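Colleague: I'd like to ask some things about the structure below.
The values are calculated or read from the model by the stated rules, or taken from the named source; none is laboratory data. It should be emphasised that the depicted structure is a prediction, and the values quoted were computed from it without experimental measurement. Note that we place each Cβ from the backbone using ideal geometry, even for glycine, and neighbour counts take in every protein chain shown.
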Amino acid sequence: MTEHVSIETRDACVDFPIFDAKSRSLKKAFLGKAGGSIGRNNSDVVVVEALRDINLSLKEGDRIGLVGHNGAGKSTLLRLLSGIYEPTRGSASIRGRVAPVFDLGVGMDPEISGYENIIIRGLFLGQTRKQMLAKMDEIAEFTELGEYLSMPLRTYSTGMRVRVAMGVVTSIDPEILLLDEGIGAVDAEFMKKARVRLQALVERSGILVFASHSNEFLAQLCDTAMWIDHGRIRQQGGIEDVVRAYEGDDAADHVRHVIYELDREKSGLTASAERDARSDRSNERPVRTAAEAEAESA
């Protein structure tokens, strides 16, 4: 792990210029997709302000969840933190190797096999060819694609491609993990298996930034939350408090219940381990010397 893994943004803004925005209908359509607000830059070009004045300070060990409606700016923020977007104004400083789990198709070639794409995708995420070859069998087993892995990626369905990409990205040890739950396109049974693997990935990562619509998954993986609305931070703090402000009391109560059950499960596991240790100690027979054994038999 790199020393001082961190994320720092100061008044970071991301604008998307619309150079041909003469009609109100075009601007309205673009705004609907981007979720920001319309303004003009210094060159009098119409822009959609996708992110405004984002201040974020994260260090190793932090786990933050992003909540907000579709188009609020969550995915734009993930792309800012990954380096895909640069701030139009303000600053963003990212220290550490980033593993983005949202653009799953990046670094994959439709004309080569699944096996070759596993290596290519791994290289894109900062791994070496030797590292990916060592993980190949384990990744192949996870994907459950069998002989398909020898075929060109263009013959795969969307769900099959997601399996390959998920297998690769969850095999690495990221310093900064940017996770978007909306990676779908796989069957429910496989997604359940993938979630277990994602949870292990999160535990190995230095920093997690997770955009999610699932409060349960948010409570399982994160320590804090941030509500983004129309490109701005509305609230940041404890998961229960942020979810209450965003979705109301019922959603917050569910989050509290999930956290309680997780804590109880962890406490139960700890207590069980302690009981097992005590049992092992009580079953241990004291080691006797030869003289003690002889005296006992006499």
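Colleague: Looking at region 140-166, which of its residues are within 21 Å of Ala200 (Cα to Cα), at pLDDT 90 or above and either out of contact with any helix residue (DSSP H, G or I) (no Cβ under 8 Å at 6 or more places or on another chain) or of a type outside the set (Asp, Glu) (or both)?
Modeller: Ala140, Glu141, Phe142, Thr143, Val164, listed by residue number.
Colleague: Okay, next question. Examine region 37-50 for a residue that is modelled with pLDDT of 95 or more and outside any loop (DSSP other than H, G, I, E, B), and state whether such a residue exists.
Modeller: No, because not a single residue in region 37-50 is modelled with pLDDT of 95 or more and outside any loop (DSSP other than H, G, I, E, B).
Colleague: Please go through region 80-97 and pick out each residue that is closer than 17 Å to Leu51 by Cβ and assigned to a loop (DSSP other than H, G, I, E, B).
Modeller: Across region 80-97, the qualifying residues are Gly83, Ile84, Tyr85, Glu86, Pro87, Thr88.
Colleague: Tell me, which residue of region 98-125 that is of a type in the set (Val, Ile, Thr) and assigned to a helix (DSSP H, G or I) is surrounded by the fewest Cβ atoms within 10 Å (Cβ to Cβ)?
Modeller: Per the criteria, the residue is Ile120.
Colleague: Across region 126-149, which residue is farthest from Arg163 (Cα to Cα) among those that are among the hydroxyl-bearing types (Ser, Thr, Tyr) and part of a helix (DSSP H, G or I)?
Modeller: Tyr148
Colleague: Also, I was wondering about something else. Can you find, within region 161-172, the residue that is farthest from the chain's Cα centre (by Cα) among those that are part of a helix (DSSP H, G or I) and in contact (Cβ under 8 Å) with a residue 40 or more places away in the chain?
Modeller: Among those residues, the one meeting the criterion is Arg161.
Colleague: Here is a check on your reading of the model: is Thr2 among the polar types (S, T, N, Q) and either modelled with pLDDT of 75 or more or touching a Cys at 6+ places or on another chain (Cβ under 6 Å) (or both)?
Modeller: The answer is no for Thr2.
Colleague: For the condition touching a His at 6+ places or on another chain (Cβ under 8 Å) and farther than 25 Å from Asn55 by Cα, what is the one hit in Glu181, Glu216, Glu265, Glu261?
Modeller: Every option except Glu216 fails the conditions.
Colleague: Pairs, please: C-beta under 6 Å, at least 6 apart or cross-chain, first residue basic (Lys, Arg) and in region 79-90, second surrounded by 15 or more Cβ atoms within 10 Å (Cβ to Cβ)?
Modeller: Arg79/Tyr85; Arg89/Cys13
Colleague: Looking at region 86-97, which of the residues that are within 18 Å of the chain's Cα centre (by Cα) and surrounded by fewer than 19 Cβ atoms within 10 Å (Cβ to Cβ) is modelled with the lowest pLDDT?
Modeller: The extreme case among them is Arg97.
Colleague: Filter region 91-113 down to the residues that are among the hydrophobic types (A, V, I, L, M, F, W, C) and touching a residue at least 60 places away in the same chain (Cβ under 8 Å), then identify the one that is farthest from Ile239 (Cα to Cα).
Modeller: Looking only at region 91-113, we keep the residues that are among the hydrophobic types (A, V, I, L, M, F, W, C), and these are 92, 94, 98-99, 101-102, 104, 106, 108, 112.
Right, trim to touching a residue at least 60 places away in the same chain (Cβ under 8 Å) and you get 92, 94, 98-99, 101-102, 104.
Numbers: Ala92: 24, Ile94: 24, Val98: 24, Ala99: 23, Val101: 22, Phe102: 22, Leu104: 27 Å.
This residue is Leu104.
Colleague: To continue, here is another question. Just to be sure before I move on: is Ala194 at pLDDT below 95, touching a Ser or Thr at 6+ places or on another chain (Cβ under 9 Å) and either of a type in the set (Lys, Arg) or farther than 23 Å from Gly206 by Cα (or both) in the structure I sent?
Modeller: Considered against the rule, which asks whether it is at pLDDT below 95, touching a Ser or Thr at 6+ places or on another chain (Cβ under 9 Å) and either of a type in the set (Lys, Arg) or farther than 23 Å from Gly206 by Cα (or both), Ala194 comes out as no.
Colleague: Look through Val168, Val162 and report the one residue that is crowded, with 20+ Cβ neighbours inside 10 Å and either farther than 26 Å from Val67 by Cα or touching an Asp or Glu at 6+ places or on another chain (Cβ under 9 Å) (or both).
Modeller: Val168
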